[in-house]
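Structure record follows, encoded as structure tokens.
The values are calculated or read from the model by the stated rules, or taken from the named source; none is laboratory data. Quantities reported herein were computed from a predicted structural model and do not represent experimental measurements. So basically every Cβ, Gly included, is an ideal-geometry build from the backbone, and we count neighbours across all protein chains shown. Note: areas computed on protein heavy atoms with side chains; ligands, DNA, RNA excluded. Shrake-Rupley method; radii C 1.70, N 1.55, O 1.52, S 1.80 Å.
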Amino acid sequence: MLDSERDRRRQATALRRAAAALARPDLPGPDSPELADAFSKLRRLVEQMQQALAGEFRIMAIGENSSHKSTTLRLLVGLRDMLPVGPGAVTAAPTELRLTPVDTDPRPPVWRAYTLTESAARRRALRLLGLPADDPRALDELAQESHSEVRLVRAMLRTGRTLGFGRAYDYDEFLDAGGALVFGRDGAAALLDRQRIDLDVPRTNWPLDWARGRTVVLLDMPGTRDGGALEKVIAAEMQDSAHVAVLHVKAITAQLNVPDAPDATDCVLLLTEIEVDGGSTGHLGAVEVREAAVAHQLDTLRENPDRSVDLAVLVAPWEMSDEGWTEFDQDASHIWKALDGRRKAWLDAVWPQPSPTGGALQEAVTGAAAQQGTAALRAILERLGRKERGAADLQELWRLADRARDVLAEARDLLRAGEDEVRGGGPLTDPHPISELRRLAADCADEYVYGHRAWSETARHFRMGDAFVTPTPVCDDLASIDFAALAIEAAEELHDELGYTLEDWWTGHPDAPPVPAPGEVPFSDDQATQFAELAGRLLHQLGGRPNASYPDARPSPICFREVARVREESARLLQRRLVDVFSPRLDFVQRKLAEAHAQHGPSHGLADEVLNLVAHSLPATTPGR
């Protein structure tokens, strides 16, 4: 934990050292794209931790669907193109707007999307399924659960295979890879961690000097709804890291739907639509009921002594004339048009005395109706932004540190696999060469055994209607097969094919030295003769079977199926002999590559040193996180 300014400076120094180590160009990784990707993730996470430690003021917009969160943020910043608003423009993941004040024309926004690491996706899956945090099962195992929200877990697993876990994308790359920015039936957005938009804000729009050098970050959260389990889980993941939660509420009935507020976060209860029962603001009872509902919500929020609670009203069309609103957002103008006429009615409203809110609602509503809602909300946020912050900063650091530990574990697993490869364990235990030998041996045996014309010539003895024949003429035809020569030809072809296969396998390993010479064909005349003798026994059994009923009679008749079985057994016999003969050569090549890697393979000592440094630089988390 960071209990003092001294601890904070020490943490900043540790993160600077980690960032410098990760920036070294000689870090291993080009030989392993997965390891290089892990280091890239760590660089980004360390950068984010540095930003959080240097100072941020995070304002989170929370509320139900269509409670005008994105629209309110656009009005605050004064930029119409920074977020989509309107029907169907539902935020599918936390959108992080990082504001940079500028005196010149703003540069185009820089947009990035980040997917969850596999460990973070597993934690989200546990929350979706209502399982304890210490459940040890992997994501693919959780996807087999019987639960109403398991489709979202399966969507995370499916999307992880296409987008990848813990990846960063720019806008075009994300869409080309099949990413989703809106909630859909397939749940593809479930793997999104957050969107990030780096945004230049002209000082003429909103001077940010009040932040005293800290970066102002606006967090636009997915809207909550009945049955929206994913949205609620995302909100729970993020809430504790905000300094201020702006609770967006549509006050169109006396029953206010106020979202859950983080425990120790300052809150602004923001009314984005305001109506009265019966539609008449001149009716004292209707206004009194509405004010009583707002007063009750304010009292509930203030039950937590660790937070400050403010009230604001910001109804978008009240901030400008009809022409001004249309210019601000042509697509959404119809949403607000019906409310625009309420502005004058609220200015003429009769307010109860004494006021349940102490006059706060009247002041906020009349100020908003006088087109001062944005200015009033900015003033509240600026006042809250001048407060000293501590707990929320730690929550954000811990969240990032948890993700960094996931990536560290991933990198160390990859590193251990690379070290096994260097020590020779990889080449020696790789099953690919032996499986290829078996496949090639079967192909060569089939080609040379089945390919001999003698097998087809035996078919003439089995004329139409004659299912069985005496074995003698059949065996006379098959006696023309020179099984020894056939075996040597098959071995020569296998020698060539296996040479090409081993060369591809050899050069597929990083930093492999030149492939050793293939040597002579390891199939001797004696080995060929042994195979011929075994094949001859199969023919002898085919032609020399005694008649069980009459032992002194001629051999029993045979059918073509028995001839085919001898052919199959001969091919499989040759396949096994080829595998037995060529296996020692395979062992030799694998051993040579293992020795070459042990002598010339890349050293991963630097990577291990950097990973240890990053691990020690991460802030310690509280017990139980």
Pairwise label distance in nanometres, ALA54 with PHE468, each label 7 Å out on the Cα-Cβ vector:
9.3
Long-range HN-HN contacts of VAL216 with modeled amide H, under 5 Å:
PHE57, LEU99
Relative to the present Cα-Cα distance, how much length would full extension add between TYR450 and HIS296 at 0.36 nm per residue of separation?
46.5 nm
Calculate one ³J(HN,Hα) per residue across region 572-589 by plugging θ = phi - 60° into the Karplus curve 6.51 cos²θ - 1.76 cosθ + 1.60, and present them in order as whole Hz with x for glycine and proline.
5, 5, 5, 4, 5, 5, 5, 4, 4, 6, 8, 4, x, 5, 4, 4, 4, 5
Using 1/(1 + (r/R0)^6) with R0 = 51 angstrom and r between the beta carbons of HIS540 and GLU609, what's the FRET efficiency to the nearest 0.05?
0.15
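Compare the peptides 370-382, 395-407, 449-461 by average per-residue count of other Cβ atoms within 10 angstrom and give them in order, highest first.
395-407, 370-382, 449-461
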Answer with one residue from GLN144, GLY213, GLN195: the one whose Cα lies farthest towards the positive end of the charge dipole of region 100-226, charges on Cβ with Lys, Arg +1 and Asp, Glu -1.
GLN144
Per 0.36 nm of contour for each residue apart, how much would the distance between ASP105 and ARG383 grow if the chain were fully extended, relative to their Cα-Cα spacing?
97.4 nm
For region 135-177, what is the charge dipole size about the Cα centre, in debye to the nearest 20, if Lys and Arg each add +1 at the Cβ and Asp and Glu each add -1 at the Cβ?
180
Distance violations [Cα-Cα > 27 Å] among LYS232/LYS344; LYS41/LYS592; LYS69/LYS387; LYS41/LYS69
LYS232/LYS344; LYS41/LYS592; LYS41/LYS69
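Give the ranking of LEU157, LEU219 by solvent-accessible surface, highest area first, calculated with a 1.4 Å probe.
LEU157, LEU219
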Amide H neighbours of VAL110 under 5 Å, counting only residues 5+ apart in sequence or on other chains, H built in-plane at 1.01 Å?
ASP198
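Take TYR448, TYR169 and sort them by solvent-accessible surface of the protein heavy atoms, 1.4 Å probe, largest at the top.
Details: TYR448 55, TYR169 20 Å².
Order by accessible area, largest first: TYR448, TYR169.
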Between ALA479 and ASP135, the two model label points (7 Å from Cα along the beta-carbon direction) sit apart by a distance in nm of 7.4
Between ASP260 and ARG158, with labels modelled 7 Å along Cα→Cβ, what's the label distance in nm to one decimal, could you check?
2.8
Return the long-range amide H neighbours of VAL102 (sequence gap of 5 or more, or a different chain), with a cut-off of under 5 Å between placed amide H atoms.
VAL201, ARG203
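Go ahead and run the numbers for FRET between SER435 and GLU562, Cβ-Cβ distance against an R0 of 30 Å, rounding to 0.05. Mind dumping the intermediate values first?
Numbers: r = 32 Å, r/R0 = 1.07.
Approximately 0.40, to the nearest 0.05.
Got a sec? What order do LYS250, LYS387 fall in by accessible area at 1.4 Å, biggest, i.e. largest, first?
Details: LYS250 45, LYS387 80 Å².
Per-residue accessible area, sorted high to low, gives LYS387, LYS250.
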